[in-house]
1. What is the number of the single condition among (1) touching a Leu at 6+ places or on another chain (Cβ under 8 Å); (2) at pLDDT below 90 that Lys139 does not meet?
2. How many of the residues making up region 518-571 are on the phi > 0 side of the Ramachandran plot and in a helix (DSSP H, G or I)?
3. Which count do you get for residues in region 384-402 that are surrounded by 15 or more Cβ atoms within 10 Å (Cβ to Cβ) and either in contact with a Gly (Cβ under 7 Å, 6 or more places away or on another chain) or among the hydroxyl-bearing types (Ser, Thr, Tyr) (or both)?
4. Can you name the condition, by its number, that Leu500 falls short on among (1) closer than 30 Å to Gln529 by Cβ; (2) modelled with pLDDT of 90 or more?
5. Among all residue pairs at least 6 apart or on different chains, which show Cβ distances below 6 Å where the first residue, located in region 942-953, is modelled with pLDDT of 90 or more and the second is of a type in the set (Gly, Ala, Ser)?
6. Which residue out of Ser693, Ser624, Ser644 is of a type in the set (S, T, N, Q) and under 35 Å from the mean Cα position of the chain (by Cα)?
7. Can you name the number of the only condition in (1) buried (at least 19 other Cβ atoms within 10 Å of the Cβ); (2) farther than 22 Å from Leu378 by Cβ that Lys492 fails?
Amino acid sequence: MNYKGYLYTLLLCGQLPLAYQLQAQETFSIPTEQHAIEVTLAAGSPLRTTTLLSSTQRLSKADGWFATYGAHLLGRPSAAAELEEYITTDPISRQAQVARIARATHYLYNKEYNRARHTLEQVREQTLTSEMRSEWQVKMAYALLLSGRPVEQVEQLFEMTAAGDDYWSDVARLYLAQLYIAQNDLDKAERTLLPIQDQGDLQYDARLGLARIALYRQNYQSVLTHTEALATARLSEEQRAESQIIEANAWYRLEEPSKAIERLAPLSDQNASLLTPEDQLILAAAYMETERTEQAIPHLLLATRGDAETSGVANLYLARARRDMGLYSEALASYQVAADRAVAPTIREAAMYEQVLLMRSKASGSFGQEVRLCEEFLNTFSQSAHREAMEHFLIESYYRSPDYLTSLASIGRIQRPSTIIVEAQCYLLNQLTQQAQQAGDLALAQRYNQQAQQLTTKSAHHTEAELLGAQLLSQQGAYKQAAQALTAILSKRAASSKQLQIARYLLGYSQIRQQQYGAATQTLSILLQEGTLDNTLQADVHARLGDAHYMQGHYTPAVRYYEEAYRLAPDNQVYALYMLSDIEGLKKDYKAQIAALDKLVARHPNSLYKPRAMYDQGRAMELSGQQAEAIGAFTRLTQEYPQSEYGRKAALQLALLYYNRNETSRAIETYKALLAEAPQSGEAKQAYEALKSIYIEEGRSTEFVQYANSIGGSYSINESEAMSISFETAERAYQSRQPQAERLLKEYLALKPQGASSLLAHYYLADIYDRAGKEEEALALYERIYPSRKQLSQELHIGLLQKMSAMRIQQRAYAQALPLQQELLTLPLEPASYQTTLLSATESALQAGQYEWVIKVVAPQLDKAKGWSQEQLDLLTCRLATSYLKTGRGNQIESLLKPLVARIETYAGTQGTLLLAQYYVSNKIQQSYSKQLLDKLVNDAYPDPELSAETIITLSDWYLTKGDPDTARLYLESLLKNYTDETSPIRQRAAEKLAQLRQSTAR
């Protein structure tokens, strides 16, 4: 018998207690309609083997096919063929119809319900007797029911049959009663069974049905009355087993589990298949109530083979049994199955709750498994009495686990988080904020903190989130906003005293960072006065007060606060000890600083400040002139902490000391060691640049490129970079006038560079040639870069034109010099440079015969006359006068030159006086005055060989105009004798005049 309905009520009705024993006083309900159908017709019912086949006893023994039918039931192979022969010989005969019913019975026995139904549908109903029709209707209804046809159709057939008074009508009543039971109409079922409870073979089945109805009515004494009456009856084995099962259920409900065991245990021992999984569960429950847990387990295992409802209950009790026996892993597995498979919510609720309890009590299961169960429980059983406990379990898991992200995701899956869950969420976000802070990801920390502050909770965790938010603002430099947030926290009554202390401390820190040192001192002093602080915080407050005074240069109170901070928490305030040494350094008391740092290193050998202290020791030694000691200190630091920031800084300082001591090779070795130790550090990059500078300074660029490429990575140098370094090396050598500059520039140019650097290199090399007197080589290079001169800097552009024009003037190539000078005059020259250039350019123009250009540029300058010296103006006047003479405008000469006679002692005055005299002589006017001018030139003129020579030539001309060629000749002969510059144009002109004079005299 399948007691699902009974079991459901037994285990599921009402609130399931936490105790592990089955409670027998609970009520139960009638099984469902489909449930009852399965119970009665499909699960071991004796009706199937006796009632349905009882037609063999009712057929006339005179029928010729009876023996065949009986043999068929016994399994004789030829029976099927013989039955078929009866059917096919005379298909419409009564015997054929009976044969069809027999064949259908065979199919029903073998559970071939569709074939049975098909066979019964072929029966010719009109040929059947009344009793045969009843049999056919019962079996048709049975076939329809088990082949899935509507229950209404089945019930109608049974009701039609039950209206009769033959045997099969009584069979129909049995089945009809089962349908009524399924429909929860126990009264109707009882009325259907009562007429046949004393009727022949069916009375036992009827009484069993009545016993079952009494069981469903919870009338357990009535159940026992029925089963006791059946105890002496001649029941079949199946009927006897069913009676015992019903009786066992009644005894169990009457809180007599031992008697239930007495009825069920023999059946299970005899043949376990006699009991359904539900029966096995009742037996197991009885064992558990009698404290025989170990004996219950095999039956619970069998019960777990039932459908989802039964399996869920069985697994729950199996888990409890295993738990009580100390089989914790097996118990957890059973709890899991019950939680996953149970249909009844109360079973799942109990399984999940007890599973978590067991996990926690025995530290079994993973964090994820426990959290998942708690999540599912809270989402599924939101009204459970265990909800609060499960929430606390979940929160403890969150607080216990370091995987805050996973815990936060868990909270996100809870559909209706309670206040304490939200508080836990705030806690997790705070932890994630701090993790991100420590990792330096302030943007991520900010996101977590904003989420925490947005939560609708006013717990201590929320205040903690506000404190963290203020810290983040400080870290981002938003000290004003941080101070505002902290001030708001200080005004909250909900904050704890510890949180208020931290808020005030952070406020003081923010004020220090805003340079509000007075306010910071006041804030922190209040904190010291407010109440008892733990030593760590008190020491921190003193340290910050020291900082406030330190930043104002108030070193005496700063020292006092730092000393107190160190006294309060020496292990946590190495910083304060370090700051004491720093103050000594600021006071330039390097001896005291070194002593303070020695104390720090000796007392706190494992402190994070030790490398910094050792570095400061080296710097103090260096600054106090103890170079050797500094080298020793830096060397020890690089050896002890090669990977630390200060170890690397020490290496840089050590290399610089070597370099300053002209120990360049050791400096290079130290830089290279730093690059090898930490190639990606900022100090390594500084070392690389320093090395590069040294190699460039020493003209070893090729060697440096090879070294850099040996390091590889980001230090590798490509061809373009190598060329750039080669140029930089050559340029530095040129700028410092090193002898190797010429070689380095040639090496660079051999690389065939392009662009501005190439122009510069040619310029530098030309300048070197120029300084070395290699004018031709220099000019050739200048000429080479001249077409690209505008790519040079303005300074070099001007320099190039100046150098080239000077060289051309030296070569007396005035026509080539003049365009260079003219271009110079278009550039933004300094006033003095412009004046010099214009003077030189006008001279070149005169020599090149460019008189009109001279007139064009000089006349405006004479009109302005601003910023020019008198000498320069006089020279320009001479240039203009010469140009006027050469262009036939001599009428303007006298007015220009006469003022210069008064300044004859100057070069320009001499030149102007000479020009005026030459003008008079050549035009044969003012003979007497011109002689006076010439005599004045001989006696008072500026001592210049060329002007003196021109004066002699002019005197010779004057005497010729006077008709005294001899005196003229004597002047020329004297000039040629004393003027020895064979290349001078003046000497050549004098020689030509003398030759002409001699020739004319000879004629």
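1. (2)
2. Number satisfying all stated conditions: 0.
3. Within region 384-402, residues that are surrounded by 15 or more Cβ atoms within 10 Å (Cβ to Cβ) and either in contact with a Gly (Cβ under 7 Å, 6 or more places away or on another chain) or among the hydroxyl-bearing types (Ser, Thr, Tyr) (or both) number 4.
4. The failed condition is (2).
5. Going by the 6 Å Cβ cut-off, the qualifying pairs are Ile953/Ala990.
6. Ser644
7. Status for Lys492: all satisfied but (1).
This table checks each residue for (1) surrounded by fewer than 23 Cβ atoms within 10 Å (Cβ to Cβ); (2) modelled with pLDDT under 90; (3) not charged (D, E, K, R).
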| site | (1), (2), (3) |
| --- | --- |
| Asn449 | no, no, yes |
| Gln454 | yes, no, yes |
| Ser474 | yes, yes, yes |
| Gly546 | no, no, yes |
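The values are calculated or read from the model by the stated rules, or taken from the named source; none is laboratory data. Treat the numbers as computed from the prediction; the structure is a model and nothing was measured. For neighbour counting, all protein chains shown are included, and Cβ atoms are generated from backbone atoms with ideal geometry for every residue, glycine included.
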